[in-house]
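Okay, so here's the structure we're looking at.
Readers should treat all values here as calculations from the given coordinates under stated rules, not as data from a laboratory. Predicted, not measured: the structure shown is a model, and the values here were computed from it. Here the Cβ is made from the backbone with ideal geometry for all residues, glycine too, and neighbour counts use every protein chain on show.
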2 protein chains.
Amino acid sequence: MRWRPDWLRGYNRRIAGHDAIAALIVTLMLIPQSLAYAMLAGLPPVTGLYASILPLLAYALFGSSRTLAVGPVAVVSLMTAAALGPLFPPGSVEYLGAATLLALLSALLLFGMALLRLGFLANFLSHPVISGFISAAGLLIALGQLKHILGIPAAGQALPQLLPALLEGVPQTHLPTLAIGASSLLLLWWVRAHSKAALTRLGVAPALAGNLAKAGPVLAIVLAVLVVGALQLEQAGVQVVGAVPRGLPTLVLPTLDLALMRQLLPAAALISLIGFVESVSVAQTLAAKRRQRIAPDRELLGLGAANLAAAFSASMPVTGSFSRSMVNFEAGAQTPMAGALSAFGVAISALLLTPWLHDLPQAVLAAAIIVAVLGLVDLGALRHTWHFSRADGAAQLATLGGVLLLGVEAGILLGVGLSLLLFLWRTSRPHMAVVGQLPGSEHFRNILRFAVVESPSVLSLRVDESLYFPNARYLEERIGELIATRPLVRHLVLMCPGVNLIDASALDSLEAIVERLHSAGVQLHLSEVKGPVMDQLKRSNFLERFGGRVFVSQYEALRALDPESTQRAQSREAG
Amino acid sequence: MRWRPDWLRGYNRRIAGHDAIAALIVTLMLIPQSLAYAMLAGLPPVTGLYASILPLLAYALFGSSRTLAVGPVAVVSLMTAAALGPLFPPGSVEYLGAATLLALLSALLLFGMALLRLGFLANFLSHPVISGFISAAGLLIALGQLKHILGIPAAGQALPQLLPALLEGVPQTHLPTLAIGASSLLLLWWVRAHSKAALTRLGVAPALAGNLAKAGPVLAIVLAVLVVGALQLEQAGVQVVGAVPRGLPTLVLPTLDLALMRQLLPAAALISLIGFVESVSVAQTLAAKRRQRIAPDRELLGLGAANLAAAFSASMPVTGSFSRSMVNFEAGAQTPMAGALSAFGVAISALLLTPWLHDLPQAVLAAAIIVAVLGLVDLGALRHTWHFSRADGAAQLATLGGVLLLGVEAGILLGVGLSLLLFLWRTSRPHMAVVGQLPGSEHFRNILRFAVVESPSVLSLRVDESLYFPNARYLEERIGELIATRPLVRHLVLMCPGVNLIDASALDSLEAIVERLHSAGVQLHLSEVKGPVMDQLKRSNFLERFGGRVFVSQYEALRALDPESTQRAQSREAG
């Protein structure tokens, strides 16, 4: 994991120009998003800016993707709010401290996964679980922001609390706030859907038009600040961002409250894993487009460094953003320098623009969030997954429903648990076939599908799967059944061409099988055992003790154990 | 699951005689064990007798094993104590009520698993985890009983509490209790190790001698009751069983405290699963010896019925006992009638013998437990497992250490979690091979092992595993790497003879791979796809959208995509 910035060699003015343009466009997206996602996380908006400076530099130094744009992200902000909401009042000093601690814990977990090569842990999150979670998160976020659009108080982490709170609040809707929120929603929706076409019709080059369209939220913010200032709407009760401290974040060490860290650990683990999975999948997609590679272990390091930087900036957990990374790539970013330049842009803004943010209405930020996250909701995916596989559909539905009804953590755990259960269920009954000799050949095939010759005294059983704990018991059961119904059998040959691994559970099962077969007067043998599996068996004393033989092929086994039947099959014409 | 007592047909006097002898011997073992295991569970000893009447009848009616002996079992009693100890003072009415509720919950869970065919859940408990748990349980039980041998108070569920409590208590050792406890230990050890040989030397037939040796604990009890009565040791401070209510259990409905049931649910789930796994493995071993079969789903039903009966007898969770089942089988039991007769024997004892139990010292029961459970401890198994496979050894060690240091539930969960993790890790990197054409043939082999012809424009990749969520991400990574290092490649053919299943995660990965390959100018194709997998792919729109072809064989693929290379390989002499 030595740091090799291979992109720095050969860095020149042309590449720098590309990076600078991409950085400018990403910064225009990042400023409103970072303010909005901080609010979504229950934090002062300025912490969003802080999360968009040092973390970007840290990722540029340590990450492996050339174009991933890290920083505050909607889903991670929701998870932050879900973890901290039940513990502290949003906006309090304790809440902010806990958000910082959450970033620190995520950093430590990501570093730990990088060091111990535990990136495979992300495999626990199957695609249906992630897809169900993202859709549910999008819905929850959008619904949760409605309170800012309506100008009412309404709290709740999941639908059973959130919906009644919203419905109760509707009669108290604050009309000036609703006017600002609704017109922001309309403006942002129009910019997103139609501005590129409109600008192109006005003669703007399509590429530039597309980039200008990304600045929609900035436009909404500027307009809203002007309107609120001119009409003195703050005095009319419109909630605004208020005084924002000017300048860069001061570097602070998070307070290490061990009891709180323990409490936050599960949330930090989920945030790290989901953030990692989402980042890697974006980074892989972008890298492949230019036949570049990313190193998943380096990604863990890069994201860990970004979160560590977020923790020292008194900010919140960050990860790679899907939308900003796509924009960064399409705007022509060539190297991580683009990310560093974005950080510089945000830093300048924090120094110069913060006084102007005082009059920014929260409703505009909420509108920006809603328009951004509704793109995450994909309920059609549920239908596709269900149609493709009932098991995967069930896992996706459980995650979606679990997150909506029970909350983020419980929902994800439900989905992960269910997909593990279904996985175990699927792998616990491997395909096994009783095989017989194809007449006129040395081949053995399933007796249910081919007209083959079966020896009355030798049972040939082919296992099409590695033998390990999920299926060890099934092997015992199947062999017990087969022997109980075949009183003449004296030898059982287990044909192992599909066995890539035998674990300790399966070894115990094999030993139990041998013993039970012995007491029933049957001897076990093995055939077609792969080299690595033989090596493994030799590390136990199974081969000395089981009393049977290991044959190179099933044909050899039958020739040794029941020569008559073999000859009969050999001499007969192939049917 | 219709109840078919096939053993009842043809039941005759000869079989009844065998069953009766086995029942007598098992009853002689069962009476002291049931008293002792009730004490171990923190319950009045008489509840052990209650757990050995109706549950045995219930299992005889509904179970599928002919010779399994159910009732109180050391490990389950320990788990009961571990679950209830932190909640209520042992011996209190609430404690007894909670034990009954635990039996009821176990019954419901076992019935639920039977109905929903969830017996495969037991696969979560790999053999190393069970072995580590049983050894640790044996050690914890033996250490926990030392307090009764020494006559001191000492509480604790795991070593960090138990050891200091024992060491602190040693100076207060009650010498008369220690005298009884130590001599019981000596007597029981001698009977177990040497009495059969001694009796045989005295001319007793070996079979009878073996059966008499099983009555060692009864002998110890009788002697101890006589000594305590004669020397009035209760007045000297020796803890005795005390007044035992005479007669049969009155049938009662457990009080349904929903909050408590929720609290007990995890413990009940572990007790059910571990009890089920242990029972089934004993039952399978015994059935195989006579080429009989057991039906795991019927076992769930039988054990559920036994626990339901235990709950209605105001008793505690029960399961199949390894030691008593072996004795039952070896003493010649032929049918479940033996179990019913044992129940009858215990019922008679509860009616007639209970007044005599008043003077029974707890130290004797503790000695009986210690001698019984030390046979469970098998630390050598840890070395064997570790030698055979590091991953399995780690899971076993984690369970052993976890149970000893953290307690029963935490230890098992640690072991199960670790074995799932390691399993996922192992399956997350399936074997994949870049293959090339064997000169002079239509076969394709690993380029690392054979002198094969590789096409410069077509990459042939064979996957030797089903594609599902644990390895979906790895597939993406590997293909990304391979393409990044082969700039000339225009087609990638994924050879799927080893793919038995594609789940939704792998389908998503395939779609992401297709898209990334497209943007890199490479087209994906498939070859040698099995029928069921094709059917599954047809349930999605992948085949219409991926833009490639599905070839019957890798040779067909190469002939279509790079005919020149195929001809070159065909015409060349086999190397």
Point to revise | For chain A, projected area of the alpha-carbon convex hull averaged over all directions, nm² | key: 34.5 nm²
Review point. Taking only DSSP H segments of four or more residues, each worth -39500 (n - 2.57), what value at 222 nm results for chain A once the sum is divided by all its residues, to the nearest 500 deg cm²/dmol?
Key: -20000 deg cm²/dmol
Study note, to complete from the structure: The size of the Cβ-based charge dipole (Lys, Arg +1; Asp, Glu -1) of the range A:225-341 about the Cα centre, to the nearest 20 debye, is 400 debye
Review point. When Cβ neighbours within 10 Å are restricted to other protein chains, what is their mean count per residue of peptide A:122-131?
Key: 6
Check your understanding: When chain A is turned about an axis onto chain B, which of its residues keeps its C-beta closest to that axis, and how many Å is it?
Key -> A:Leu420, 3
**Study point:** 10 Å Cβ neighbours from other chains, averaged over peptide A:533-541
**Key:** 2
Point to revise | Signed unit charges on C-beta, dipole axis of the protein assembly as shown, positive-most listed residue A:Tyr468, B:Ile348, A:Met326 | key: A:Tyr468
**Study point:** Potential lengthening between B:His18 and B:His431 on full extension [0.36 nm per residue; Cα-Cα distance subtracted]
**Key:** 143.2 nm
Practice item. Could you work out how far the C-alpha centroid of the range A:103-179 sits from that of the range A:380-413, in angstrom? Key: 16 Å
Check your understanding: Within the range A:420-483, which trypsin sites (Lys or Arg not before Pro) sit in a loop by DSSP and count at most 11 neighbouring Cβ atoms inside 10 Å?
Key -> A:Arg449
Point to revise | Total lysine pairs whose alpha carbons fall under 25 Å of each other in chain B (8 or more apart, or interchain) | key: 4
**Study point:** Label-point separation in nm, A:Leu482 to B:Arg445, each point 7 Å along Cα→Cβ
**Key:** 3.0 nm
**Study point:** Shortest-first nm distances, B:Arg117 label point to equivalent points in other copies (7 Å, Cα→Cβ)
**Key:** 4.0
Review point. Hey, can you list the DSSP H helices of chain A whose Cα span along the axis is 27 Å or longer and whose average Kyte-Doolittle score is at least 0.5?
Key: A:13-40, A:93-115, A:127-150, A:258-289, A:408-427
Review point. Relative to the other copies, what are the label-point distances for B:Met534, with labels 7 Å from Cα along the C-beta vector, expressed in nm at one decimal and sorted shortest first?
Key: 3.6
Review point. Taking 1 over the mean of 1/r across every pair of different Cα atoms in the range A:433-573, what Kirkwood radius in Å do you get?
Key: 15.2 Å
Check your understanding: Considering only DSSP beta bridges with both partners in the range B:432-571, what is the antiparallel share in %, to the nearest 5?
Key -> 40 percent
Exercise for review: Note the distances from B:Gln161 to each other copy's matching label point, with points 7 Å along the Cα-to-beta-carbon direction, in nm, sorted shortest first.
Suggested key: 3.2
Study note, to complete from the structure: In the range A:1-76, the chymotrypsin sites (Phe, Trp or Tyr not before Pro) that sit in a DSSP loop and have at most 10 other Cβ atoms within 10 Å of their own Cβ are A:Trp3
Study note, to complete from the structure: A chain fully extended from A:Leu167 to A:Ala243 at 0.36 nm per residue, minus the present Cα-Cα distance, gains in nm 24.3 nm
Review point. Looking at the range A:62-169, which trypsin sites (Lys or Arg not before Pro) are in a loop (DSSP not H, G, I, E or B) and have at most 13 other Cβ atoms within 10 Å?
Key: A:Arg117
Study note, to complete from the structure: Partner shielding of B:394-400, as the mean number of partner chain Cβ atoms within 10 Å, equals 1
Point to revise | Cβ-based exposure ranking for B:Phe444, A:Phe111, in which fewest neighbours within 10 Å come first | key: A:Phe111, B:Phe444
Practice item. Would you please give the residues with an amide H less than 5 Å from that of B:Leu459, counting only those at least 5 places away or on a separate chain, with H modeled from the backbone geometry? Key: B:Arg490, B:His491, B:Leu492, B:Val493
